[in-house]
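Read through the structure below, which is laid out as structure tokens, and then see the notes.
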Amino acid sequence: MNRVLVVGFAVALFGGIAWVHSAQDGKTAKTGDDSSKAFVIDASGKAEIVKKREPLAAKLFKRIDFNGFDDPKMTLQDALEFFAKEYDVRSEVQEAPFRAAGYTDKSVTSEPIATTLIPKMTHVTLETVIRKILGRIQTPPGKEAVYMIQGDTLLVTTADFLISQIWGNYPGPYFPLVHPSFDDRRLEDALKALAETSGHNIVVDKRLGAKAQVPVSVNMVNAPLDTVVRFLADMAELDTVFLDNVIYVTTKENAEVWNKKLQKEMKERFGEESPPRLPRIGTTPPAPTPPGSTPPGA
């Protein structure tokens, strides 16, 4: 009888503790191993398992089979609505920069994007398709249609506006934007993933040994690739060298040797009146390209 009472008291006690914790409005916790779902308690105390909204960057870099667009009357607005319906990608078009780019008598959203067939594409990222669509918008050089991530919304704007928001007055060159989300991932693996998603060259010094295996964590959107690599390298007490279209991750001592050598070469080539720019230095800097026109990330 006493054992029954003790067991009953324990059940009531732990049940009460669980109720107190679960009664917090909107509290979520992982259920099992499925991180895409959450256990939610609403204001009435009703429990419900709901699917968590996938981050926009993750949606953009999923591989898809795209059937193409062949309707010559299809507009940018039609395409954006298609992406919203098929892939749950919300978008917003920033009209003011496009008016400055020449769209003064009509909205850029009414611009036809398939007067020339947009072909089928197999096993490509959704981001690749979106860049292909934006490439159909007619604007002057330097004002190309690009995108950036703003919360859970794809913001369509022009390259000059995006550059002013991300780089300010920096004259370039501009590395592609990336959206990394790493949690305790080995540095070498994180850099490999960034190279693959950005289409840019990142070389890791093989002499680094254990430092290349240091776990790193980062969560960013709309971040220049070179900035992200510098931060990740710093987490492992390393440094970076920028040469042509290559980012080299090495020891701080070796990076200092390289950077001094590159500065000397630039002075010999351009003279004292054109001092080398840091951190984006190199004997032949990559040509400025509109951010978003090359693959960025998550």
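Taken together, the values in this text are just the output of simple stated rules run on the coordinates, not laboratory data. These numbers come from a predicted model, not from an experiment. Note that each Cβ is placed from the backbone with ideal geometry, even for glycine, and that neighbours are counted across all protein chains shown.
Sorting the segments 240-246, 256-262, 227-233 by their mean number of nearby beta carbons within 10 angstrom, highest to lowest, gives 227-233, 240-246, 256-262.
Residue pairs exceeding 22 angstrom between C-alpha atoms, taken from LYS206/LYS267; LYS85/LYS120; LYS192/LYS267; LYS85/LYS132: LYS206/LYS267; LYS192/LYS267. Contact order for region 60-122, expressed relative to its length and based on alpha carbon pairs under 8 Å spaced 6+ residues apart, stands at 61 percent.
Of the residues TYR174, TYR248, the one with the fewest other Cβ atoms within 10 Å heads the list, and the complete ranking is TYR248, TYR174.
As a length-normalised measure over Cα pairs under 8 Å and 6 or more apart, the relative contact order of region 177-270 settles at 30 percent. Bridging of LYS264 to aspartates and glutamates at a Cα separation below 14 Å is possible for GLU256, GLU272, GLU273, once same-chain residues fewer than 8 apart are set aside. Put simply, the convex hull of the Cα atoms in region 117-247 casts, on average, a shadow of 9.7 nm².
Placing unit charges on the Cβ atoms of the charged side chains and taking the dipole of region 177-270 about its Cα centre, the candidate lying farthest along the positive direction among VAL178, ASN245, PRO215 is ASN245. Proximity of backbone amide H atoms, modeled 1.01 Å from N, is registered between PHE69 and ILE118 at under 5 Å, excluding neighbours fewer than 5 places apart on the same chain.
Between the alpha-carbon centres of region 135-171 and region 223-241 there is a gap of 24 Å. This model, with +1 at the C-beta of Lys and Arg and -1 at the C-beta of Asp and Glu, gives region 177-270 a dipole about its Cα centre of some 280 debye. Among ASP70, ASP183, the ranking by other beta carbons within 10 Å of each residue's beta carbon, starting with the fewest, stands as ASP183, ASP70. When each of THR250, THR116 is scored by the number of other beta-carbon atoms lying within 10 Å, the sequence from fewest to most is THR116, THR250.
Between TYR174 and THR289, the built amide H atoms are under 5 Å apart, and every one of these is 5 or more places off in sequence or on another chain.
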